[in-house]
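The values are calculated or read from the model by the stated rules, or taken from the named source; none is laboratory data. Here the structure is a predicted model, which is why all the values come from computation and not from measurement. Ideal geometry is used to build each Cβ from the backbone, glycine not excepted, and the neighbour counts take in all protein chains shown.
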Amino acid sequence: MGDVKIELASQRKIRTRNKLYYRFNHWPIWIFVFFLIPGPMVFRLFEQGFGGSMTWWLAAVLVGTGIAGLRGKLPGCEPAPYIIRFTEDKPNPLYRRICYTFAWSAAISYGVLNLIGLVVAVATGKWMLKQIYWYGYFPIAVPIWILGLMGKLPRVKPSTAGEGDERRYFYGTVWAMCIAQPVLGILWKTLPLNRTTDILKLVVFTGLLAGVGFLSYRGYLPRTRKIVPGEIAALD
């Protein structure tokens, strides 16, 4: 494994049931994931605030994910862990494949669009993020949805046999995006718009993505350690 940290499956605490607070704490994650699906509309939300169609979309997401969560059809909201053996060739349920497809889409699409916006701003001196979201979101998101439909993404494959590795890819991506993008948002709101600060934003954003990605690869961040197969272990 080199310098990559590992986690022995035999040392992991086995859960036969998911506690109520554990199930409830996963619900906001999926609210956020599905709320982000209509990318250009979400950008308008950050630009103008809540109102109109986005309010109704949020209500639909709350109701839909709430029902799915109560029925145990959201990852982490199940009454009991679905996977307890990481090497087991077990069918990956449809709800997991759908949820993780849209989670990959949210993480990758928004990160790529923001990166493009930064590069364009540095190169041209103009911020065109609204146009980039409007014309670029679906060309990026739709291929990801198609890959998910085909079972070609980590945690979206027909079998759960690769979870020991696939979950670390997923959480590594989530950590990188959930750290880099809020920091970028703070910089965008607080710094003046000029070439120097645009370059700073680009350097900080890409630096955080690379740095967090490296830490995830090495297994230093929660849920990014490689799970060594062969023993029973509850999935989280």
Could you check, for region 58-73, whether at least one of its residues is within 26 Å of residue 167 (Cβ to Cβ) and not assigned by TED's automatic domain parsing to the domain that holds residue 26?
no
Out of everything in region 1-49 that is modelled with pLDDT of 70 or more and touching an Asp or Glu at 6+ places or on another chain (Cβ under 8 Å), what residue ends up being surrounded by the most Cβ atoms within 10 Å (Cβ to Cβ)?
18
For region 137-146, which positions are without any contact (Cβ under 8 Å) to a residue 24 or more places away in the chain and either more than 20 Å from residue 116 (Cα to Cα) or in contact with a Leu (Cβ under 8 Å, 6 or more places away or on another chain) (or both)?
146
Being farther than 26 Å from residue 215 by Cβ and part of a helix (DSSP H, G or I) is the filter here, so list the residues in region 149-183 that pass it.
149
Taking the conditions exactly as written (in a helix (DSSP H, G or I) and touching a Phe, Trp or Tyr at 6+ places or on another chain (Cβ under 6 Å)), does residue 121 satisfy them or not?
yes
Give region 171-211 a look and list any residue that's surrounded by 17 or more Cβ atoms within 10 Å (Cβ to Cβ), within 22 Å of residue 76 (Cβ to Cβ) and of a type in the set (A, V, I, L, M), or say none.
174, 176, 177
Filter pass, residue 79 being loosely packed, with under 15 Cβ neighbours inside 10 Å, part of a loop (DSSP other than H, G, I, E, B) and at pLDDT 90 or above
yes
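Please work out if residue 127 is assigned to a loop (DSSP other than H, G, I, E, B) and either touching a strand residue (DSSP E or B) at 6+ places or on another chain (Cβ under 9 Å) or within 27 Å of residue 183 (Cα to Cα) (or both).
Values: assigned to a loop (DSSP other than H, G, I, E, B): yes; either touching a strand residue (DSSP E or B) at 6+ places or on another chain (Cβ under 9 Å) or within 27 Å of residue 183 (Cα to Cα) (or both): yes.
Here the answer is yes, as residue 127 does meet what is asked.
What number of residues within region 199-216 are β-branched (Val, Ile, Thr) and either over 22 Å from residue 170 (Cβ atoms) or in contact with a Lys or Arg (Cβ under 6 Å, 6 or more places away or on another chain) (or both)?
So the answer is 3.
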Any chance residue 137 is at negative phi, modelled with pLDDT of 95 or more, of a type in the set (Phe, Trp, Tyr) and in the same structural domain as residue 213 (by TED's automatic domain parsing):
yes
List pairs: first residue in region 192-203 and touching a residue at least 40 places away in the same chain (Cβ under 8 Å) and among the hydrophobic types (A, V, I, L, M, F, W, C), second residue in a loop (DSSP other than H, G, I, E, B) and surrounded by 12 or more Cβ atoms within 10 Å (Cβ to Cβ) anywhere in the structure, Cβ distance under 7 angstrom, at least six positions apart or on different chains.
193/127
